[in-house]
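Q: Structure provided below as structure tokens; questions to follow.
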Amino acid sequence: METLPGVLSRHVSAVISSDRPKIDDTFDVAVTVTFKNAAALKSYMKSQKHKDMLSKQLKPLVNRIVVYNFGNL
């Protein structure tokens, strides 16, 4: 994934369960991808590599995908 233009880094993490009601621990794995800028994110979303990774690698393994896009203020 880092070989795609505009992708600075990616990180895969496992959930840390919590008994605190405000903590969302309804997932198993989180993937964080850092992009150079918003334009790089938009380009990545349209790339065939991204679409192939979703359809061939990720979607067969998961029940749900949740995406949060955010940036520096």
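Q: Can you name every residue in segment 30-73 that is aliphatic (A, V, I, L, M), exposed (fewer than 11 other Cβ atoms within 10 Å of the Cβ) and either touching a residue at least 40 places away in the same chain (Cβ under 8 Å) or not in a loop (DSSP other than H, G, I, E, B) (or both)?
A: ALA39, LEU61, listed by residue number.
Q: Which ones in segment 14-41 are in contact with a strand residue (DSSP E or B) (Cβ under 9 Å, 6 or more places away or on another chain) and within 21 Å of THR3 (Cα to Cα)?
A: ALA30, VAL31, THR32, VAL33, THR34, PHE35, LYS36, ALA40, LEU41
Q: Something else now. Just to be sure I understand, how many residues within segment 1-24 are touching a Ser or Thr at 6+ places or on another chain (Cβ under 9 Å), of a type in the set (Ser, Thr, Tyr) and either at pLDDT 95 or above or assigned to a loop (DSSP other than H, G, I, E, B) (or both)?
A: The number of residues fulfilling the criteria is 1.
The values are calculated or read from the model by the stated rules, or taken from the named source; none is laboratory data. In this text, all values refer to a predicted model and were calculated from it rather than measured experimentally. Don't worry about glycine lacking a Cβ; one is built from the backbone with ideal geometry, like all the others, and counts go over all protein chains shown.
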